[in-house]
Amino acid sequence: MVIIRMAILKDDLSRKNSMTTVTVDGGADAVGARWDLEADVVIIGSGAAGLPAAVKAADGGASVIVVETNYDIGGHAIVSGGNTPLGGGTSAQKKYGIEDSPELVFRDLTDWSVVQPNGWPDYRYNDRAVMRAFADHCALTYEFLLENGVKFKDIPPDNQGGHNLGNSAPRENHLAWTKGAGLESPNARGGTSMIRPLEASARAKGVRFLLNYKMASLIREPSSGQEAGRVIGIAARYTPRTMPGQPAPLKGFRSDGNIETTQSSVHIRARKAVILATGGSTGNLNFRRMFDPRLTGALQVAGEPYTFQDGSGELAAMAIGASLWGLANQILENGDNIRTQRALATKYNYMTWELESPIFPLVRATGLGVKDWQDLILVNQVGKRFYDETKGDYPHGNVHNEVSPYTPHDYRNSERIKFNPTKYNFFNAAVAMNEYSEPPDYSAGPVWAIFDAGAVEREQWKVTPPYVDPDGYFFSAKTLPELAAAIKNPYQAKPVDGAALQATVARYNSFVDSGADLDFGKPQPRHKIQTPPFCAAWATPLVHDSRAGLRINAKCQVMDMNGEVIPGLYCAGESAGGFNQHGLGRCTTQGYIAGKSAAAEKPDR
Ligand SMILES: Cc1cc2nc3c(=O)[nH]c(=O)nc-3n(C[C@H](O)[C@H](O)[C@H](O)COP(=O)(O)OP(=O)(O)OC[C@H]3O[C@@H](n4cnc5c(N)ncnc54)[C@H](O)[C@@H]3O)c2cc1C
């Protein structure tokens with residue numbers, strides 16, 4: 001008799017996971033008889049970590065299945081900006097005479113003395129073994145991407161768009177992105193130029209894709225004697241996506257190599273290893289609040305609704321004993337973990353979604369970009385201002401030359417950063433409790449941008465669908481009390497206080513007259529809010545990155561609560577912990593490491 005411990009995860013973000021024990025009679029063969037599919041390496045997720053892992057595992061001679069819950073590949077990576085931090089002596093750095101080395105990358109990303117302008121340390125809580133592995137594989141991964149068709153702009157690496165890159169050398173590369181060019185994108189973004197070539201390379205190397213299936217659990221053999229139980233496969237559930245008004249499930253751009261089935265659930269055997277590349281946990285309300293209880297429901301997540309960082313990889317691994325790691329990195333004070341909206345009046349407000357996007361029926365509105373923050377005020381769910389609106393942009397972690405002069409690992413580096421918590425405090429103020437914050441979670445609720453017809457004209461906004469979403473994210477009315485009463489949104493605890501909103505606007509208008517914002521110091525408030533119709537537009541900040549996740553070692557093997565490797569289980573990308581860096585560099589490199597290590601495993605039998 002073989003006993004398989006399965007962690008059954010339910011889909012809904014708010015529900016609990018449970019552990020159950022499935023007993024299979026008849027020995028190991030009976031376990032094998034249950035498998036619907038099998039491969040040497042089974043990779044969960046097809047984003048910035050999953051695709052490099054797939055290509056690298058195939059290069060290592062492994063057969064590979066990539067399981068992706070979405071209708072198409074790419075994850076957050078395909079809608080990302082495409083700024084890619086990879087250094088350590090890349091061919092691009094060499095071409096432009098930039099000196100860098102794995103040693104320098106390692107030294108930079110473990111430098112405890114470097115802090116952000118609010119005093120929070122960029123690299124202090126990085127796991128040293130994970131950093132060493134990254135440093136040693138960083139340049140290799142850059143060349144690997146080139147070999148697999150990824151094209152970067154032929155310009156010197158810089159620090160533009162970079163976050164937590166290290167102080168010693170410019171390491172940010174920029175993907176060469178051309179709209180069209182056969183690179184089908186869900187939102188015409190730079191990251192597509194990394195993801196589509198990697199997808200093409202993976203398919204050409206025989207990687208098979210199972211789209212529309214979500215891993216629900218990991219299957220681990222029981223331990224025997226001194227030998228820890230091995231992860232031997234996964235269970236996954238059919239998750240087709242349909243859009244309002246379009247009953248047929250959405251399909252991916254490419255279909256060669258796709259596994260075609262619509263079974264409601266499948267069991268997939270991994271002869272060598274399972275790699276979790278599920279993209280993190282910030283979309284899981286209860287998970288993210290473990291790190292920072294203030295990150296309550298009103299905050300949305302960048303990259304949604306294309307894909308979701310729902311913590312399903314972390315939860316499945318935790319259910320079979322895995323440990324989390326580097327948890328300090330996930331707090332709100334850490335640079336760009338949380339960001340301001342880039343578009344008002346739409347729920348999915350980090351970037352502007354194209355009308356042609358296949359998921360636009362879910363996005364519902366492009367939103368309104370702001371040219372001048374003098375055109376509006378921001379209020380909390382009560383209707384009260386809380387900050388200087390012109391200072392809301394998000395900060396980022398240390399990049400090349402930010403500490404100058406820089407002496408590695410010298411405590412005086414922190415004194416060379418000008419202490420300036422202003423940007424960070426925008427978020428502290430935005431998630432602070434207010435009069436409407438109630439049990440059980442005392443949520444701050446939404447932030448609303450309030451403006452008038454004059455602002456609409458100055459900004460040249462179109463305040464009709466599909467530019468704004470009148471179903472909960474944009475409202476207008478002839479008077480301010482009517483506007484307050486009109487605001488209805490699932491995250492708004494109770495109606496905005498009309499009298500409070502009116503008083504807020506009256507006081508702000510008086511600041512325009514006097515030229516001084518006596519409450520929050522906005523420099524010379526310029527425009528009164530006085531011409532109807534008055535408008536309220538969703539302007540709530542969002543969570544962006546997962547910087548804490550599963551504990552891994554230098555090979556990206558997942559570790560348990562005793563510090564032991566869980567055989568057959570790997571993790572890469574935002575679902576892995578111990579690494580405080582934003583984005584594509586860390587994820588592609590860990591995908592490379594995990595794919596290489598997994599392919600080198602001995603098959604389980
Ligand atoms: C709008 C935006 C812009 C960005 N711009 C940049 C940038 O310019 N530079 C930069 O460096 N970084 C950028 N990033 C961050 C970068 O895209 C991410 O850090 C990176 O994509 C994370 O890689 P990943 O593989 O861990 O996750 P993802 O790329 O998100 O991939 C995870 C995949 O796993 C799938 N998945 C999750 N759970 C399951 C499950 N249970 N079963 C099956 N599949 C599952 C998801 O659907 C998803 O496709 C940006 C992110 C966003 C959202």
Each label sits 7 Å from Cα toward the beta-carbon; between GLN502 and GLN460 the label points are separated, in nm, by 3.6
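Tell me the carbon and sulfur percent of the accessible area for the chain, rounded to whole percent, probe radius 1.4 Å.
53
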Rounded to a whole number, the Stokes-Einstein D of the range 408-459 in µm²/s (Kirkwood radius over Cα pairs; 25 °C; 0.890 mPa s) is 163
1/(1 + (r/R0)^6) with r = Cβ-Cβ of LYS528 and LYS151, R0 = 56 Å, i.e. FRET efficiency to nearest 0.05, evaluates to 0.65
Under Stokes-Einstein, the chain at 20 °C and 1.002 mPa s, with its Kirkwood radius over C-alpha pairs, diffuses with a coefficient in µm²/s of 86
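For an R0 of 45 angstrom, estimate the FRET efficiency from the Cβ-Cβ distance between GLU356 and LEU327 and round to the nearest 0.05.
On the way: r = 40 Å, r/R0 = 0.89.
So the FRET efficiency works out to roughly 0.65.
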Checking the range 322-385 for GluC sites (Glu not before Pro) in a loop per DSSP with at most 12 other beta-carbon atoms within 10 Å yields GLU356
Summing -39500 (n - 2.57) over every DSSP H run of at least 4 residues in the chain and dividing by its residue count gives a helix-only mean residue ellipticity at 222 nm, to the nearest 500 deg cm²/dmol, of -6500 deg cm²/dmol
Probe 1.4 Å, heavy atoms of protein chains only: per residue, the accessible area of the range 155-230 in Å² is 34
Taking a crude spin-label model, label points 7 Å out from Cα along the C-beta direction, the ARG416 to ARG128 distance in nm is 2.3
The answer for chymotrypsin sites (Phe, Trp or Tyr not before Pro) in the range 389-426 that fall in a DSSP coil and have at most 16 neighbouring Cβ atoms within 10 Å is PHE419
Note: GLN263 to LYS205 extended length (0.36 nm per residue) minus current alpha-carbon separation gives 18.3 nm
Between GLY568 and residues 5 or more places away or on another chain, the pairs with built amide H atoms under 5 Å apart involve VAL231
re the range 515-605: pairs of Cα atoms spaced beyond 14 Å account for a percent value of 75
Rounded to whole Å², per residue accessible area for the range 366-469 with a 1.4 Å probe reads 45
Once Lys and Arg are counted +1 and Asp and Glu -1 for all other residues with Cβ under 9 Å from that of ASN159, the total becomes -2
Candidate cut points under trypsin sites (Lys or Arg not before Pro) in the range 101-186, DSSP loop plus at most 15 other Cβ atoms within 10 Å of their own Cβ, are ARG124, LYS151, LYS153, LYS179
Diffing the range 575-580: the Karplus 3J(HN,Hα) column from phi (6.51, -1.76, 1.60, θ = phi - 60°), in whole Hz with x for Gly and Pro, holds 7, 9, x, x, 9, 9
Computed over the Cα atoms of the range 293-414, the Rg and Dmax in Å are 18.9, 53
Length gained, ASP471-LYS391, 0.36 nm per residue minus C-alpha separation, equals 25.9 nm
The range 122-198, convex hull of Cα, quarter of hull surface, nm² -> 6.3
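The values are calculated or read from the model by the stated rules, or taken from the named source; none is laboratory data. If you're wondering where the values come from, they're calculated on a predicted model, not measured in any experiment. Cβ atoms come from the backbone with ideal geometry, glycine included; neighbour counts cover every protein chain shown. For the accessible areas, the whole protein counts, side chains as well, though only heavy atoms, and no ligand, DNA or RNA atoms are used. Shrake-Rupley method; radii C 1.70, N 1.55, O 1.52, S 1.80 Å.
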